[in-house]
Amino acid sequence: MDPSPSPRARATRPTLGRNSMSSGSFIDDHQQYKSIHPGPSSSIDGVLEAPFEQPGASLSNLSIAPRTSHSPVAIPPSPSLIIRDSGIVHSISHADCISSREDPSKIVATIFYNSALPRHPQIHPDQVLPHLVPAVIPALPPPTIVSGSAPTTNISNYPLEPPPPDPEPLDHLYGPYVSQICLTHFLSTIDSLLTHNPPALRRLTSSHRCLSPSSTHPRIMEVSFAPPPNPKYLTFSDLCKHESIYRFEREWNCEVIFQRETIFRRYKRLCVFDMDSTLIQQEVIDEIAAYIGVQKEVSAITARAMNGELDFAASLKARVALLKGVPSDVFERLKPKITITPGAKELCRVLKRLGFTLAVLSGGFQPLADWLAAQLDLDHAFANHLVSDPVTNTLTGELDAAHPIVDAHHKQNLLLSLMTGKGLSVEQTMAVGDGANDIPMLQAAGLGVAWKAKSKVQMEAPARLNVAESMLDLVYLLGLTEREVEELLLD
């Protein structure tokens, strides 16, 4: 600015540039990612690495300085926030943050780091002083070959090329959280899946939010990106189970859950749960069997049924038959032994305060389902009914024919019935379970999550979560932050 006095002279305005905006936070400082495709590319959080074709500038690379009225900046009308002051025109929204009508639907990926089991927790010699390193550091086990997979199990005599090693675990190098390089690697993985998109839909744009616990060491992160891969090459369901995503999860010790970015992702209104090994940590029928001394026989049938190896209804009848003669008050005696899954009470409390209808759909038994519904403030409880002899006050070993068996298809029908009764759409529903009899319910819901489930369930469910610290982590799939969750848990 000309320092000579003038009636039209103004005081120097501060300049707001990239350097002055550095906050040292994870979100503001992370600008590593570049698209592999030619042309202008955007980094994480939509910070442009190269000038965008359309006029205008974003706050992250805009230097705010005085402009005289004879040098106007032509900015087309847009939903961006515009500041106009005496001829100064600035846009403080980035174009990538505003979805145009032509943009494809965004996809949201929620990344959960496995904080309960960080890999390579031993002290690294490069990170500490030599005198602090333990005298004896356990050596990694030598590589082995599974018996029957090769002509020899001696790796030194292996006649062909050795099997490829697992991906190098990287969280012990870059930090036990969703690190900057982890996020960069994820976006690079997604970008590599866009090669079959039309040329106009090959430029990956993204943004992210650290949901918990902080922006410097996030355990849970939400990443939004567009466009999705070409559905003719890679459908949404196949994306969730793509080998590249699986490899990323193994390398970074995390799990990724994909959802379509719609209004109903954040505003669901019905959630149904399995009971055994989901809301509670036991299988009730196994606990009853242990009480009467037939746990071994019953547990073997239960395990095969939950893995989908046996028909659920037939296996249930076989297990119930072994309970003949058990006192009818056995459920009262079991209640003190039941352990509610950590985080289940907090999860239900948060969902209720958000206006959810909650239900437990159990292949177990009604007395305990009713008790659990009271403990967690659930709205509905559906389970199997046992017949008891009023004379001897013992179980007869039969199911009550007046009530349907709560098997896989009945759980699905109950979900749809509750949805219809509340006037909701499928996109507003959520289901959580762990057994093979939960698969139809999980697939029918708007969001079906296999919670620390059996292998078959994890393969067939739309989403899986094994690395959560507690069941409360499920609320982060709704886009809530840790601060918002804490606020909802306040009395």
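The values are calculated or read from the model by the stated rules, or taken from the named source; none is laboratory data. Every value quoted in this text rests on a predicted model; they were computed, and no experiment measured them. Using ideal geometry, Cβ is built from the backbone for each residue, glycine included, and neighbour counts are taken over all protein chains shown. Only protein heavy atoms, including side chains, enter the accessible area calculation; ligands, DNA and RNA are left aside. Shrake-Rupley method; radii C 1.70, N 1.55, O 1.52, S 1.80 Å.
Table: residues versus (1) acidic (Asp, Glu); (2) on the phi < 0 side of the Ramachandran plot.
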{"position": "Gly423", "(1), (2)": "no, no"}
{"position": "Asp438", "(1), (2)": "yes, yes"}
{"position": "Ala444", "(1), (2)": "no, yes"}
{"position": "Ala450", "(1), (2)": "no, yes"}
{"position": "Lys456", "(1), (2)": "no, yes"}
Just to verify a result, which residue in segment 225-270, among those that are touching a Leu at 6+ places or on another chain (Cβ under 6 Å) and open to solvent by 50 Å² or more (accessible area, probe 1.4 Å), is farthest from His185 (Cα to Cα)? Arg269
Being open to solvent by 60 Å² or more (accessible area, probe 1.4 Å), in contact with a helix residue (DSSP H, G or I) (Cβ under 7 Å, 6 or more places away or on another chain) and not β-branched (Val, Ile, Thr), is that true of even one residue in segment 468-475? no
Mind telling me which of the residues Leu361, Leu354, Leu316, Leu323 ends up being surrounded by 18 or more Cβ atoms within 10 Å (Cβ to Cβ), at pLDDT 90 or above and out of contact with any His (no Cβ under 6 Å at 6 or more places or on another chain)? Leu361
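Looking at the structure I just gave you, is Val449 crowded, with 18+ Cβ neighbours inside 10 Å, within 20 Å of Met275 (Cβ to Cβ) and touching a helix residue (DSSP H, G or I) at 6+ places or on another chain (Cβ under 7 Å)?
Yes, satisfied.
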Single condition Glu222 does not satisfy, out of (1) out of contact with any Leu (no Cβ under 6 Å at 6 or more places or on another chain); (2) of a type outside the set (Gly, Ala, Ser); (3) touching a residue at least 60 places away in the same chain (Cβ under 8 Å): (1)
Return yes or no: is Glu332 at pLDDT 95 or above, part of a helix (DSSP H, G or I) and surrounded by fewer than 21 Cβ atoms within 10 Å (Cβ to Cβ)? no
